[in-house]
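J.: Sharing a structure below in structure tokens format, with a few things to ask.
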Amino acid sequence: MAGAPVRSATSQSGKMKKDESFLGKLGGTLVRKKKSKEVSDLHEEGKNAINTPMLPSGTEIHPEDTMLEENAERNMLDPTSRENPKFKDLQRVLIDWINNELEEDRIIVKGLEEDCYDGQVLQKLFEKLSGRKLNVAEVTQSEIGQKQKLQTVLEAVNELLRPHGWSIEWSVDSIHAKNLVAIVYLLVALAMHYLAPIRLPEHVSVQVVVVKKREGILQTSHVTKELTSTTEMMMGRFERDAFDTLLDHAPDKLNVVKKSLITFVNKHLNKLNLEVTELESQFADGVYLVLLMGLLENYFVPLYNFFLTPENFEQKVHNVAFAFELMQDGGLKKPKARPEDVVNLNLKSTLRVLYNLFTNYKNSE
């Protein structure tokens with residue numbers, strides 16, 4: 001066709017070579033970038049392998065671990081401790097306690113890490129326990145708002161606990177970072193300070209992996225954290241007595257003491273055709289304790305003064321507390337144990353109460 005442009009084979013061939021040359025350069029650039037990234041990743045992987053040789057198997061390394069500043073450190077819970085049955089039991093007891101305290105607020109806690117980190121639950125719990133209203137926003141979605149709320153809550157908690165010699169094992173950053181050990185430390189301290197009507201598992205410890213950066217190298221070590229001790233020490237009763245010595249140093253003699261106490265209580269309870277075979281559980285609802293006091297002091301206890309068939313924890317505590325009042329009316333000293341300790345099947349507390357009765361009424365007919 002006349003006037004139609006004609007492209008020579010030479011010009012098309014030149015354009016193809018130019019295009020191939022451009023693609024080749026582009027491809028070479030991409031390959032070099034890919035190789036450079038692979039080398040960088042390999043270098044980072046090697047650095048991490050060198051920096052973290054002592055981390056236990058299964059410990060998750062977070063990006064912030066390798067980004068630590070010089071002389072900074074991070075703590076993380078050892079995976080084996082997370083699965084510790086006693087540690088799980090402690091968490092369950094704390095969760096049940098929180099849910100019971102905040103039932104009126106319709107707050108339900110399912111997991112401590114996910115439900116306590118933003119300060120909302122901790123705020124409500126502290127307000128309920130202390131009777132104080134904190135000046136914080138009710139709902140905070142942003143990280144800044146959550147940390148501000150935590151700051152206010154923890155300042156109030158620390159102000160309350162520090163004068164009593166508590167070691168502050170938590171911070172705004174650790175709580176907000178969902179550090180389970182820090183959260184549990186805080187909750188245990190609050191439960192102990194306010195004498196929560198719960199039975200914390202004794203001698204719960206966990207292993208914490210501490211990651212530190214020294215001269216650009218990550219170093220790791222294990223630290224044992226004791227979350228709970230004995231019930232008596234946790235509730236502030238540090239005075240040791242014969243039962244501490246008995247249980248700590250002569251547990252073989254414990255059965256002898258228990259048999260003597262069982263013989264003593266049955267001598268009197270048999271008058272009502274009642275019999276005890278297990279001290280720890282059969283006095284936990286307070287019924288036998290109230291009846292025993294009436295028998296020892298030779299009076300009838302009106303049934304409207306206590307719950308003959310208690311249906312819940314509060315009614316059992318009422319019964320034991322009423323029995324304690326009867327003991328004091330009879331001239332005995334106020335028991336060291338709390339009613340909640342007896343209801344919670346704390347053997348040492350129950351033995352103390354019964355032994356006190358035994359020493360005062362052992363010659364009573």
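J.: Does Val136 count as over 21 Å from the mean Cα position of the chain (by Cα) and hydrophobic (A, V, I, L, M, F, W, C)?
T.: Against the criterion (over 21 Å from the mean Cα position of the chain (by Cα) and hydrophobic (A, V, I, L, M, F, W, C)), Val136 qualifies.
J.: Give me the residue from the stretch 67-117 that is in a loop (DSSP other than H, G, I, E, B) and among the polar types (S, T, N, Q) and, out of that set, modelled with the lowest pLDDT. Reasoning before the result, please.
T.: Residues of the stretch 67-117 that are in a loop (DSSP other than H, G, I, E, B), as a first pass: 67-72, 78, 83-84, 102, 106-111, 117.
Applying the additional criterion that residues be among the polar types (S, T, N, Q) yields 71, 84.
Numbers: Asn71: 68, Asn84: 90.
Residue satisfying both the conditions and the ranking: Asn71.
J.: For Leu279, state whether it is over 19 Å from Gln328 (Cα atoms) and either open to solvent by 80 Å² or more (accessible area, probe 1.4 Å) or at pLDDT below 90 (or both). If you could, list the steps in order and put the result at the bottom.
T.: Values: over 19 Å from Gln328 (Cα atoms): yes; either open to solvent by 80 Å² or more (accessible area, probe 1.4 Å) or at pLDDT below 90 (or both): yes.
Yes.
J.: Let me ask another. Take the residues of the stretch 145-171 that are among the β-branched types (Val, Ile, Thr) and closer than 15 Å to Val121 by Cβ: which is nearest to the chain's Cα centre (by Cα)? Break it down stepwise before answering.
T.: We begin by selecting, within the stretch 145-171, every residue among the β-branched types (Val, Ile, Thr); these are 152-153, 157, 168.
Restricting the remaining residues to those that are closer than 15 Å to Val121 by Cβ gives 152-153, 157.
Working: Thr152: 21, Val153: 18, Val157: 16 Å.
So, considering only residues that are among the β-branched types (Val, Ile, Thr) and closer than 15 Å to Val121 by Cβ, the one nearest to the chain's Cα centre (by Cα) is Val157.
J.: Within the stretch 282-306, can you find the residues that are part of a helix (DSSP H, G or I) and loosely packed, with under 15 Cβ neighbours inside 10 Å?
T.: Selection gives Leu303, Tyr304, Asn305.
J.: Could you say which residue among Asn255, Asn346 is polar (S, T, N, Q) and free of Cβ contacts under 8 Å to residues at least 40 places away in the same chain?
T.: Step by step, each of Asn255, Asn346 is checked, and only Asn255 is polar (S, T, N, Q) and free of Cβ contacts under 8 Å to residues at least 40 places away in the same chain.
J.: To continue, here is another question. Hey, Ser364 hits all of (1) of a type in the set (Gly, Ala, Ser); (2) surrounded by fewer than 20 Cβ atoms within 10 Å (Cβ to Cβ); (3) under 23 Å from Lys258 (Cβ atoms); (4) within 38 Å of the chain's Cα centre (by Cα) but one; which does it fall short on?
T.: (4) is the only condition that Ser364 fails.
J.: So, in the stretch 326-350, exactly how many residues are in a helix (DSSP H, G or I) and either in contact with a Phe, Trp or Tyr (Cβ under 6 Å, 6 or more places away or on another chain) or of a type in the set (Asp, Glu) (or both)?
T.: Count: 5.
J.: If I go through the stretch 351-365 residue by residue, how many of them are assigned to a loop (DSSP other than H, G, I, E, B) and touching a residue at least 12 places away in the same chain (Cβ under 8 Å)?
T.: 2
J.: Considering the stretch 122-134 alone, what residues qualify as being in a loop (DSSP other than H, G, I, E, B) and either surrounded by 15 or more Cβ atoms within 10 Å (Cβ to Cβ) or in contact (Cβ under 8 Å) with a residue 40 or more places away in the chain (or both)?
T.: Leu134
J.: Turning to a different aspect of this structure: Output the residues belonging to the stretch 135-155 that are surrounded by fewer than 17 Cβ atoms within 10 Å (Cβ to Cβ) and within 16 Å of Tyr185 (Cα to Cα).
T.: Glu155
Residues checked against (1) surrounded by fewer than 17 Cβ atoms within 10 Å (Cβ to Cβ); (2) out of contact with any helix residue (DSSP H, G or I) (no Cβ under 8 Å at 6 or more places or on another chain); (3) farther than 29 Å from Leu347 by Cα:
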position	(1), (2), (3)
Asn158	yes, yes, yes
Glu169	yes, no, yes
Val172	no, no, yes
Leu186	no, no, no
Arg214	yes, yes, yes
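J.: When both residues are 6+ apart or on different chains and their Cβ atoms are under 7 Å apart, which pairs have a first residue that lies in the stretch 190-213 and is under 20 Å from Leu77 (Cβ atoms), and a second that is modelled with pLDDT of 85 or more and of a type in the set (Gly, Ala, Ser)?
T.: Leu200/Ala191; Val206/Ser81; Gln207/Ser81
J.: Here's something else I'd like to know. How do the pairs read when you match residues in the stretch 279-301 that are more than 16 Å from His318 (Cα to Cα) and in contact (Cβ under 8 Å) with a residue 12 or more places away in the chain with residues anywhere that are small (Gly, Ala, Ser) and open to solvent by less than 50 Å² (accessible area, probe 1.4 Å), using Cβ under 7 Å and keeping only pairs 6 or more apart or on different chains?
T.: Taking only residues 6 or more apart or on different chains, the pairs are Leu296/Ser364; Glu297/Gly330.
J.: Given the conditions (1) at pLDDT below 90; (2) assigned to a helix (DSSP H, G or I); (3) among the hydrophobic types (A, V, I, L, M, F, W, C); (4) closer than 20 Å to Leu195 by Cβ, report the number of the one that Ala323 does not fulfil.
T.: That leaves (1) as the condition not met.
J.: Here's a follow-up. So, Thr309, is that one open to solvent by 30 Å² or more (accessible area, probe 1.4 Å), of a type outside the set (D, E, K, R) and either within 21 Å of Pro201 (Cα to Cα) or not in a loop (DSSP other than H, G, I, E, B) (or both) or not? Write out each step before concluding.
T.: On the way: open to solvent by 30 Å² or more (accessible area, probe 1.4 Å): yes; of a type outside the set (D, E, K, R): yes; either within 21 Å of Pro201 (Cα to Cα) or not in a loop (DSSP other than H, G, I, E, B) (or both): no.
The answer is no for Thr309.
The values are calculated or read from the model by the stated rules, or taken from the named source; none is laboratory data. All figures in this text were calculated on a predicted structure; none of them were measured in a lab. Cβ coordinates were reconstructed from backbone atoms using ideal geometry, including for glycine residues, and neighbour counts include every protein chain displayed. Only protein heavy atoms, including side chains, enter the accessible area calculation; ligands, DNA and RNA are left aside. Shrake-Rupley method; radii C 1.70, N 1.55, O 1.52, S 1.80 Å.
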